[in-house]
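Enquirer: Handing you a structure now.
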Amino acid sequence: MQDIAGALPGYESFDRGTWAALRSNTPLTLSEAELAGLRGLQDPIGLADVSEVYLPLSRLLNLHVGAARGLARVRDAFLGRPAGRPPYVVALVGSVAVGKSTFARVLRALLARWPDHPRVDLVTTDGFLHPTAVLKARGLMTRKGFPESYDTAAMIRFLAAVKAGAEEVAAPVYSHLSYDIVPGEFQMVQRPDILILEGLNLLQVDGNAPAVVSDFCDIALYLDADEADVARWYVDRFLLLQKTAFGNPASYFHHYADLPHDEAVEVARGIWTGINRVNLHENILPTRMRADVILHKDATHAIDRVLLKSI
């Protein structure tokens with residue numbers, strides 16, 4: 001796979017300064033206090049990142065939403081029915097530990113402050129993982145996060161209902177503490193203007209399937225970084241969680257809480273190499289060029305380059 005630092009065929013490449021200029025007159029609507037509440041454990045995003053990267057992206061998406069609504073009005077006029085406002089679905093894809101969750105939260109906050117699409121929901125595909133009992137029965141616990149570990153049919157049904165304008169659609173809820181689906185708990189999605197769907201495996205193509213997840217997504221964003229950086233971020237996150245969440249006796253990973261530092265590092269590297277790196281190379285990275293926008297992070301987590309599909 002060609003490195004993101006070079007030119008990718010079919011994409012126009014922007015360095016950070018050039019991309020930042022595309023913000024135009026988009027106002028900065030987040031305060032430092034609000035941003036602090038959206039940051040992840042490791043992501044040092046600041047207001048400069050919001051201004052120079054996220055605001056141009058929010059402007060691009062705002063224009064896309066307007067264009068999609070225009071096409072919907074054309075279709076409705078042709079069919080002789082009242083004009084609707086179908087939800088616009090944004091897919092956010094990338095490796096484990098690349099910072100998708102923080103990115104999604106900040107993007108959601110900014111998009112919701114545009115007056116023409118104030119209702120923005122965020123759903124993660126973790127909720128569509130098969131329950132732990134099912135994964136164990138199928139021998140898939142070490143393949144968690146791989147395409148076969150998801151109830152893809154349920155995800156497609158959810159997206160189809162959202163896109164059809166259903167009044168309320170339920171998404172299952174996943175607990176990172178118990179490492180499992182929460183029985184009987186659901187996130188209710190009620191006709192959003194925009195739905196951000198965040199996950200690992202959203203852009204896979206299955207030639208034998210009548211429909212795939214990306215069929216229901218209007219635009220796809222791929223959050224990218226050099227593999228060595230992502231591997232380091234994964235280990236750093238594991239060590240941080242070892243000192244925090246893993247200490248909870250209810251945590252699925254509680255047995256790692258008291259590992260000596262060097263052993264914890266080795267465990268984290270083993271999980272990365274044996275599971276997450278394999279998933280990245282087999283399933284996630286090969287879909288990168290199906291994304292409409294690729295955002296590349298440098299070693300400090302800052303986005304230094306944006307690629308916009310031109311075909």
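Enquirer: Quick one: which residues, 5 or more positions from LEU122 or on another chain, have an amide H under 5 Å from its amide H? H modelled 1.01 Å from N in the peptide plane, none for Pro or chain starts.
Expert: Correct list: ILE196.
Enquirer: What does a probe at GLN42 reach in segment 70-113, counting residues whose amide N is under 14 Å from the point 7 Å along Cα→Cβ?
Expert: Inside the label zone: 95-103.
Enquirer: Compute the Rg/Rh shape ratio of the chain: radius of gyration over Kirkwood radius, all on alpha-carbon atoms. Write out the running numbers ahead of the final one.
Expert: Working: Rg = 19.7 Å, Rh = 20.6 Å.
With Rh from the inverse mean 1/r over Cα pairs, Rg/Rh is 0.96.
Enquirer: Modelled label-to-label distance, TYR179 and VAL205, 7 Å Cα→beta-carbon offset: nm?
Expert: Output for this residue pair reads 3.5 nm.
Enquirer: Can you list residues from other chains, or at least 5 along the same chain, whose modelled amide H is less than 5 Å from the amide H of ILE219?
Expert: VAL89, ALA91
Enquirer: Taking every pair of distinct Cα atoms and averaging 1/r, then inverting, what Kirkwood hydrodynamic radius in Å comes out for segment 201-258?
Expert: 14.8 Å
Enquirer: Can you give the helix-only mean residue ellipticity at 222 nm for the chain, where every DSSP H stretch with n ≥ 4 adds -39500 (n - 2.57) and the sum goes over all residues, rounded to the nearest 500 deg cm²/dmol? Mind dumping the intermediate values first?
Expert: Numbers: 8 runs with 94 residues, N = 311.
Using -39500 (n - 2.57) per qualifying helix, the result is -9500 deg cm²/dmol.
Enquirer: If you don't mind, another one. Starting from the 7 Å offset along Cα-to-Cβ, what nm value, one decimal, do you get for the label separation of ARG143 and ASP215?
Expert: Output for this residue pair reads 2.3 nm.
Enquirer: Working out 0.36 nm times the residue gap between ARG113 and GLU263, then minus their Cα-Cα distance, what length gain in nm do you get to one decimal?
Expert: Separation in residues times 0.36 nm, less the Cα-Cα distance, equals 49.4 nm.
Enquirer: Suppose every K and R has +1 on its Cβ and every D and E has -1 on its Cβ; what is the size of the dipole of segment 11-309 about the Cα centre, in Debye to the nearest 20? Walk me through the numbers on the way to the answer.
Expert: Working: 31 positive and 35 negative charges, 166 e Å.
The dipole of segment 11-309 has a size of about 800 debye.
Enquirer: Here is a further query. What translational diffusion coefficient, in µm²/s and rounded to a whole number, does the Stokes-Einstein relation yield for segment 56-190 at 25 °C and a viscosity of 0.890 mPa s, taking the hydrodynamic radius as the Kirkwood radius over Cα pairs?
Expert: Numbers: Rh = 16.9 Å.
Using the Kirkwood radius from Cα pairs, D works out to 145 µm²/s.
Enquirer: Which order do PHE158, PHE238 fall in if you start with the one that has the fewest other Cβ atoms within 10 Å?
Expert: Numbers: PHE158 25, PHE238 20.
The most exposed by this proxy come first: PHE238, PHE158.
Enquirer: For helix 152-163, report the angle its Cα long axis makes with the longest principal axis of the Cα atoms of the chain; keep it between 0 and 90° and round to the nearest 10°.
Expert: 30 degrees
Enquirer: Same structure, new question: For segment 26-37, in order, what is each residue's ³J(HN,Hα) by Karplus, 6.51 cos²θ - 1.76 cosθ + 1.60 with θ = phi - 60°, in whole Hz (x at glycine and Pro)?
Expert: Taking θ as phi minus 60°, the curve returns 4, x, 7, 10, 9, 8, 4, 5, 5, 5, 4, x Hz for segment 26-37.
Enquirer: What spacing in nm lies between the two simple spin-label points modelled at GLU12 and GLU282, each 7 Å away from Cα in the Cβ direction?
Expert: 3.8 nm
Enquirer: Can you give me the angle between helix 55-79 and the longest principal axis of the chain, using Cα atoms only, in degrees from 0 to 90, rounded to the nearest 10?
Expert: Approximately 50 degrees, to the nearest 10.
Enquirer: Enter the Cα centre distance for the pair segment 222-256 and segment 274-306, rounded to the nearest angstrom.
Expert: So the two Cα centres are separated by 18 Å.
Enquirer: Would you look at the GNM of the chain, springs on alpha carbons closer than 10 Å, and say which of GLY17, GLY145, GLY199 moves the most?
Expert: Looking only at GLY17, GLY145, GLY199, the biggest GNM fluctuation is shown by GLY17.
Enquirer: Compute the helix-to-body angle for 100-111: its Cα long axis versus the longest principal axis of the chain, expressed 0 to 90° and rounded to tens.
Expert: The answer is roughly 30 degrees.
Enquirer: Gaussian network model of the chain, Cα springs within a sub-10 Å range: biggest mean-square fluctuation belongs to which of ARG288, ARG191, ARG138?
Expert: Comparing ARG288, ARG191, ARG138 in a Gaussian network model of the chain, the most mobile one is ARG138.
Where a number appears in this text, it was derived from the coordinates with a stated rule and is not lab data. It should be emphasised that the depicted structure is a prediction, and the values quoted were computed from it without experimental measurement. With ideal geometry, Cβ positions are generated from the backbone for all residues, glycine too; neighbour counts draw on all protein chains shown.
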